[in-house]
Structure formats: C-alpha cells, structure tokens
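This report refers to the structure that appears directly beneath it.
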Amino acid sequence: MFGSVLSAVILGVDAHKVMVEADISSGLPGFSIVGCTSVQGKEVQERVRTALRSAGYFLPPKRITVNLAPAALKKTGAGFDLPVAAAVLCAAGYIPPQALKDVLVLGELGLDGKVRRVSGVLPILLLAKEMKCRACIVPAWNRQEGDYTKNMKVIGIENLSQLIAFCKEGRVPEQKIYHKEKDDKEETLDFSDIRGQALAKRGALLCAAGFHNFLMTGPPGSGKTMVARRIPGILPEMTEEEKMEVIKIQSIAGILGESGAFSGKRPFRSPHHTLTLPALTGGGRIPRPGEVTLAHRGVLFLDELAEIQRTVLEALRQPLEEKRIVISRMSGDYCFPADFLFVAAMNSCPCGGYPDMNRCSCSQAQIDRYRNRISQPVLERIDLCAEVSRVEWGELYERDDSPGESRRMKEQVECARRMQRKRYEGSLIQFNSQLTGKETKKFCRMTDGAQKLLEDSYQRLRLSVRVCHRIVKVSRTCADLEGSRLIEEKHLREALFFRGVDQGDWKA
Ligand SMILES: [Zn+2]
C-alpha cells in the first residue's frame, strides 16, 4: 500500500518542494527512510514510530519504506516528521488517500504525538501558494505566519489526532492565537531622550536620509549606543515587498513571533563584540542566516568595533559591497540577502579618554595601533564619522523642550527620500550612498562655489578619489535634506566635516 504527502524544505532563503512517499509491503518487518542522511532518517523514524504509538496507531508488522524525493536535495530541520507520519498513516489505510491531495504538510513530532514548532514556515507557505495547494497543515505555533500569505488556507494542528481528525472528517481544530500583535508604542525610542549630542544626532539624520554607513567615536558612556538604537526609528518606511523579505528571514531564523521580532519596523541588530564569524555571516552545515542577514533592510550596529576579531570584521566586506553574503559548503553555495545600514561605534583610544588629554594616558603609538585594528576595506565603506563627546553638565540638566524629535527627523528623512526617488527614477539607485563614481558626476550637480571648494579640499587635504566621491555623496544628502537641487558650499562643508576617519590622526 502506498501513500504520498507534499512537503518542503528551506535551503538558504528558498523553499523547495519535497514529496514524501511511504510504501508498506509484506516482508521482514522494518522501517527505513531514504532520501536523506542515514542519521536524519533514523531520527525521523524513531520520532514518528513513537509518536504514532502514543497517539494510538500501531503500524502493521510489515516492511515500511519512506522516500523523501528528490533524493539529491539536502534535507534540513525536523519538519519532515509530520509528513512522514501522514504518508505512513495513509499507506497503512488509517487515512483516506484523497484527504491530503494538494495539501502541504509540515511539522516536527514530539514522542507524545504533539506537533512542535519549526522554522521557515512562511517561505514554504508562499511556495505552496505558488504550487496552488489547497491548504497547508502546519504546527499550531506557526499558524499565524499564514497571516502574511493572502488566500492560502493554513491549518494549525497541535497533535497527531487532530491531523487524523482533519483527514477523516475534515474537522479543523480550534485555531488558537499564540502571538498577540505586539503593542510597542511604549517602547518607541526617541531622539529627544538624548541630551545634547547635536553632532551625533545630525550624523544619524544624514545616515538615515542617504543610507550612509556611520561610525561614532567617543568615550564610553557618551551615548553612542543610544544614538544607534534610535536610527531605525527615523528610517523611511519599508515597502510591502521589503517587509515581506524581512518577515521571511525572521521565519527562517525561527524568531518570528518571539519577543523582539517582527513588528513592521526595520530590524535593529546589535551583536556583542565577541561574536564569531558564523554568527555574523551565517553558519552551520546547511547555513542559517547570520547577523548580516537578520539586519537586512535595517541597521547592523557593531559597538566596540576595534575589539571585534579581525577575521570577523573582514567578513563584512562582501555584504557591504554586494548587499548579500554567499556561504560555500560542500553541498553548494548558499546566498543570503544582507542589505543593511552599517552603524558602528568605538572608543577613540584604548582607555577611552582621548581626545581629552587629562583623562587619556595612551601613547600615540597605542592609539594608532588601536585604530589600525579596523581594516581598511571596512573603513572605506564608512561615509560619515562623528566624534561623540561626553555630555556637558549644562546639557545634562537642560529642560526637555523638544519631545517628538524622532518624528521631526523622520519627516526630514522622508523629504530627502522623495528627492532621491525623483532623481533616480528609472534607475536601480535608491539612496545617495549607492552612487558609483561615474553616477556621482551625473547626479550630483553643484554650484560653482561648491565646485571650487571641492577642488581646494582635494588638493589641500590630498584626498583620494574614493574619499572625494564619498564626500560628494554625503553633501548630496545634506542638500536633499534642505530640498536643494544643487549642492551648495555649505552642504559640501558639512560633508567635509563628517569625513572624520580620514582626518588628521586617522591613517585611513
Ligand atoms: Zn587613551
């Protein structure tokens, strides 16, 4: 007797169809699963056999063979337990063969027959929609991911008995709400919480308006992290398509529905500086998304930049350049999206006191060595650099008379965004920061005065061509914030001011 059930697997960020076939024939009693690694097959078999017994279904003492097709496809995760159980039940005659026709099944089984949550449900539901499936059966915990797929019937089940009841009588179990929409109004971070720091705030505004990577230097406790955390709040709203990309990644990472997960806002990731290479880029035998991918369409904030291992920092190069990361494994190359705004912070010297010479006791050599830890290619990708100083006493206790600062900043960002959208209409460019050298010439028109200033600075400061382009791009954002068509002298001056990393003692 034969039974087959449709399922799917996630590789990278894509879902792939898998057909689960079960055959029960006379012969020496046994249960074997082929089409995956033997260890995996053994695990699935043990879980399915025990879960079926717990639910009161005994398998005939016959030869049971399960095949996960296509065999060449890598199988990951434990999501095949439920489809295997369903296919076996079908082959054993417990459920009618027509019941699961064009129905996609996904879920892990506990030994007690309960259905456990799995990750990557949303991309699989979207695949099912593409394949015109009639319905999808998923773990109850994951059911709400179906809210993001329109016109797809998604049924959450909690245990094997509910699956059987559905197949036999079409009975849909009560659909529980596992995740309430998070009301995160209270925890919205606002720039008005930060005292003083006009420079860092201005940097953050430019960073958000033109999607410029941003580095803040300054003593510990000066509020660099506070500034960084508030940047996602002033970034322009995501498009529906972008939102979907973010939710899909969170589904694959298994964090959708958990606290801190998707709320319609841009992601903010701030891994600790001790993070490892696989944690940053994505890792595992079959790679899972890393921090660069979890920050896709949002902000990746790296504090204590100089303390991060060099090899880890070097790995940022590819995502910063290509907006994606490719991880090579024996089983093939896995490509993850990684288009994020890079925000970093570091002390100005090992002790954190510099440039206040009363507090800093580091030698110039120590300071240089400290700064040189950050690799050149990463520094080259940073458009804006702001020195964040300790808050002055006067600023600390000044009256808070500007609530809603983030809202005002966001309005400015949206305005700059409109200017950019109009200017780059018909091209692939979204933000000023994406301009290439050639495009900089084409799109960044400036007044004669600004042109002259740029030329002077180029000669006087011995700027490299690359740095020069970067300054022009930032000045373009300064002009966009004012709604100015041409880049004027003052815009260029501001961009020169935020150049930072190439200035004076920075040997970049
Ligand atoms: Zn120092």
Members of segment 46-71 that are under 22 Å from Val121 (Cα atoms) and either of a type in the set (S, T, N, Q) or touching a Gly at 6+ places or on another chain (Cβ under 9 Å) (or both): Arg47, Ala51, Asn67, Leu68, Ala69, Pro70, Ala71
Ser475 vs. criteria hydroxyl-bearing (Ser, Thr, Tyr) and modelled with pLDDT under 90: no
Test result for Leu428, within 32 Å of the chain's Cα centre (by Cα), under 30 Å from Gly233 (Cα atoms), modelled with pLDDT under 90 and not assigned by TED's automatic domain parsing to the domain that holds Gln366: yes
Which numbered condition His273 fails, given (1) part of a loop (DSSP other than H, G, I, E, B); (2) within 16 Å of the chain's Cα centre (by Cα): (2)
Residue in segment 33-44 that is of a type in the set (D, E, K, R), surrounded by 16 or more Cβ atoms within 10 Å (Cβ to Cβ) and in a helix (DSSP H, G or I) present: yes
Verdict on Asp356 being within 16 Å of the ligand (Cβ to nearest atom) and not small (Gly, Ala, Ser): yes
First in segment 359-382 and part of a helix (DSSP H, G or I), second anywhere and modelled with pLDDT under 85 and within 11 Å of the ligand (Cβ to nearest atom), Cβ under 7 Å, 6 or more apart: Ile367/Tyr354
Close pairs from segment 435-463: first under 22 Å from Gly210 (Cα atoms), partner among the acidic types (Asp, Glu) and in a loop (DSSP other than H, G, I, E, B), Cβ under 7 Å, at least 6 apart: Thr447/Glu488; Ala450/Glu488
Test: residue in segment 331-344 that is farther than 22 Å from Ser375 by Cβ, modelled with pLDDT under 90, over 16 Å from the mean Cα position of the chain (by Cα) and polar (S, T, N, Q): yes
Boolean, Ala87 is buried (at least 24 other Cβ atoms within 10 Å of the Cβ) and at pLDDT 90 or above: yes
Selection within segment 110-125 - of a type outside the set (Lys, Arg) and touching a strand residue (DSSP E or B) at 6+ places or on another chain (Cβ under 7 Å): Gly110, Gly113, Val115, Val118, Gly120, Val121, Pro123, Ile124, Leu125
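The values are calculated or read from the model by the stated rules, or taken from the named source; none is laboratory data. Note that the coordinates shown come from a computational prediction; the quantities given were computed from them, not determined experimentally. Cβ atoms come from the backbone with ideal geometry, glycine included; neighbour counts cover every protein chain shown.
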